[in-house]
1. Please give the calculated 222 nm ellipticity per residue for the chain, where each DSSP H segment of at least 4 residues contributes -39500 (n - 2.57) and the sum is spread over every residue; nearest 500 deg cm²/dmol?
2. Using a Cα-Cα cut-off of under 22 Å, which lysines could be cross-linked to Lys170, ignoring same-chain neighbours fewer than 8 residues away?
3. Of Met91, Ala176, Tyr166, which is farthest on the positive side of the dipole of the range 71-186, counting Cα position, with +1 on Lys and Arg Cβ, -1 on Asp and Glu Cβ, and the Cα centre as origin?
4. In debye, nearest 20: dipole of the range 76-171 around its Cα centre with unit charges on the Cβ of K, R (+) and D, E (-)?
5. Can you tally the net charge around Asn327? Count Lys and Arg as +1, Asp and Glu as -1, for every other residue whose Cβ sits under 13 Å from the Cβ of Asn327.
6. What Kirkwood radius, in Å to one decimal, follows from the Cα pairs of the range 4-78?
7. Please pull out the direction-averaged projected area of the range 282-327, using the convex hull of its alpha-carbon atoms, in nm² to one decimal place.
8. Out of Val143, Phe206, Val225, whose Cα points farthest toward the positive end of the dipole of the range 143-270 (charges: +1 Lys, Arg; -1 Asp, Glu; placed on Cβ)?
Amino acid sequence: MPTLTHAYAAHAADRNLEPFDFNRRDPRPDDVAIEILYCGVCHSDLHFAKNDWGFTQFPIVPGHEIVGRVTQVGPEVTQYQEGDLVGVGCMVDSCRDCQACNDGLEQYCLNGFTMTYGSEDPHDGSMTQGGYSTFVVVSERFVVGMPNGIDLKSAAPLLCAGITTYSPLKHYGVKAGHKVGVIGMGGLGHMGVKLAKAFGAEVTLFTRSESKVEEAKSNGADHVVVSTDDEQMAAVAETFDFMLDTVPVQHPIDPYLATLKYDGTHILVGLMDPIEPAITGMNLIFKRRVVGGSLIGGMPETQEVLDFCAERGITCDVEMIDLNDINEAFERMKAGDVRYRFVIDMASMKDKAA
Ligand SMILES: [Zn+2]
Ligand SMILES: [Zn+2]
């Protein structure tokens with residue numbers, strides 16, 4: 001029997017999220033059925049609900065930072081059993097058989113990965129629906145295990161914000177002795193600071209607002225630069241090995257390129273729109289600098305970031321909300337009024353469902 005699931009869904013770009021009941025499929029042979037305990041609220045959730053990228057199919061249940069407890073497993077599942085605490089991030093499927101998938105880089109699947117919400121399920125053609133809900137069914141390949149002792153609430157955002165910042169730091173070999181800049185102090189940026197510090201780097205946070213200077217330092221940044229202050233920017237010219245750019249809206253890149261050493265790397269993890277204003281080629285060529293992008297991380301690396309954070313006691317700073325407060329949370333997130341991630345406590349929905 002399919003499982004009746006209580007959720008909040010967006011039904012149109014100009015409407016608030018509203019209560020929405022739907023059925024989750026029975027587990028397929030390799031599926032894990034999960035009762036959702038917590039779900040983080042990511043900026044992408046808001047973009048999807050508002051159809052900012054133009055391809056949202058309504059109704060849509062957002063949420064891709066899911067932590068829950070296994071209630072049932074299919075007969076072919078080997079890694080998980082009933083009662084296990086698990087997580088689901090931004091992907092729930094891929095072709096599982098291309099070079100990228102075989103390399104554990106399912107996010108770069110040559111045939112396209114299946115998003116946790118808003119994608120067509122390749123097996124039955126239904127639309128996937130995310131974690132603003134009481135229950136989810138996911139193939140075990142796309143499920144990660146919660147390490148013993150990890151705080152489940154603050155672990156939820158590691159499944160998107162954490163892996164998104166961890167993956168490029170790891171890929172580009174950030175280590176002790178490196179100077180790393182992190183641009184933006186939101187959900188991604190504050191994790192970027194903590195993780196870059198854990199990799200051994202000296203970390204500078206770039207923020208537009210003077211008001212975030214103390215806050216950034218209390219989150220572990222060694223230095224803070226107010227990016228709107230030309231003098232402060234000039235003082236860090238040709239300083240950094242690596243720049244992690246978490247800003248999700250268009251912003252000038254050239255001023256940050258000037259702060260990179262020769263061979264420095266500037267990685268975008270938030271901006272989906274065209275780079276505007278354009279980058280000046282000379283700023284790349286004359287110092288052999290690189291500008292690139294990075295998308296979440298593969299499944300092995302997603303497990304790795306959870307284990308890494310559990311071992312080192314690294315947590316995401318979260319503010320807990322009830323699911324029926326989601327529209328207010330969206331408004332506050334839009335205004336930058338969250339330190340640093342909202343996480344939905346799904347217990348609020350269970351009471352209602354009973
Ligand atoms: Zn996300
Ligand atoms: Zn693939």
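Read-outs throughout are calculated quantities, based only on the coordinates presented, and are distinct from any laboratory measurement. Computed from a predicted structure; not experimentally measured. Neighbour counts run over all protein chains shown; Cβ positions are idealised from the backbone, glycine included.
1. The helix-only estimate for the chain comes to -6500 deg cm²/dmol at 222 nm.
2. Once the sequence-local lysines are set aside, what remains near Lys170 is Lys179, Lys194, Lys197, Lys261.
3. Ala176
4. Working: 4 positive and 12 negative charges, 85 e Å.
For the range 76-171, the charge dipole is close to 400 debye.
5. That works out to -3.
6. Details: mean 1/r = 0.0724 Å⁻¹.
One over the average 1/r among Cα pairs gives 13.8 Å for the range 4-78.
7. Taking a quarter of the hull surface, the average projection is 7.1 nm².
8. Of Val143, Phe206, Val225, it is Val143.
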